[in-house]
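Let me begin by presenting the structure, written as structure tokens, before commenting on it.
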């Protein structure tokens, strides 16, 4: 094992009803968990999404409505899933753009309080694209010299992703073999995201900014002043629940900072008044 782990690493892959973070649902989740000693364990569940799987999607991952009609819904597997993921960082293939946002959406929808933001997230695809720019099948052939014959099977993809990550660390001497470095290196582009979907991000001053649309690049604080209704529009529009939750937290933080500043000023005024009174 080439990676140095301080805690377990959960390599996961999700199959879903489609590609929409807000509208589609998980139908299968597979996790290969590697602990610091190298011992591995697996989590594999099929899930009833409670919505139909489009035929063209089923033809890709091989899971049809009939296959999961008696499977548990996501909320029913949540306790076991949370227990399996506890004290583990994350890795996946294209996971920062799809698997992680979709998982966050499902967890919030099921009422989970699991804090995904406290985890490190390694996106093996981003490492691959920075180094070679290929697909998972090509990455598996390139790094592992094997054919991925069971592509789009969640467990096979998760297994292949783990093998590719391990081979990447061995091949590239510039890649440090620890999760903190690989998590940072997995970030694609110059902007550090706040939410998984990338609608909110940090600028160079570490201020939260909108990362899309007409206000792209402007801070949340700035937009609140010039267009107060923009916040409400985002909460009502078709954005991921996790994006909305991050925006709410930022608005609450800005409100708290403003109230603290105001309270501090009032206290100063009171102290000055007392000083003047006893002069």
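Note on region 1-72 and region 165-214: Cα centroid distance 23 Å, given to the nearest whole angstrom. Within region 1-152, all pairs of alpha-carbon atoms sorted by distance into 10 Å bins from zero give the percentages 10, 37, 37, 14, 0.
Residues 226, 51 in ascending order of nearby Cβ atoms (within 10 Å, fewest first): 226, 51. Counting only alpha carbon atoms, the long axis of helix 100-109 and the longest principal axis of the chain meet at about 70°. Helical runs assigned H by DSSP (4 residues or longer) give the chain a calculated mean residue ellipticity at 222 nm of -14000 deg cm²/dmol, each run adding -39500 (n - 2.57) before division by the residue total. Put in order of Cβ neighbour count within 10 Å, fewest first, the listed residues 162, 233 become 233, 162. Each listed q (0.20 Å⁻¹) maps to a log10 I(q)/I(0) for region 82-184, found by the Debye formula over equal Cα scatterers with no solvent: -1.06.
When all alpha carbon pairs of region 75-119 are counted in 5 Å bins from zero, the resulting P(r) reads 5, 21, 32, 28, 13, 1 %.
Could you work out the relative contact order of the chain, using alpha carbon pairs under 8 angstrom and six or more residues apart, expressed as a whole percent? Result for the chain is 18 percent. Between the helical axis of 74-85 and the longest alpha-carbon principal axis of the chain there is an angle of about 90 degrees.
Only beta bridges with both residues in the chain are counted; by DSSP, about 70 percent of them are antiparallel.
Its alpha carbons give region 37-86 an Rg and a Dmax of 13.7, 42 Å.
The ranking of 234, 251 by Cβ neighbour count inside 10 Å, starting from the fewest, reads 251, 234. The mean sequence distance of close C-alpha pairs (under 8 Å, at least 6 residues apart), as a share of the length of region 193-260, puts its relative contact order at 26 percent.
FYI, it's all coordinate maths here, none of it is from the lab. Please read these numbers as outputs of a predicted model, since none were measured by experiment. Cβ sites come from the backbone with ideal geometry, for glycine too, and all protein chains shown count toward neighbours.
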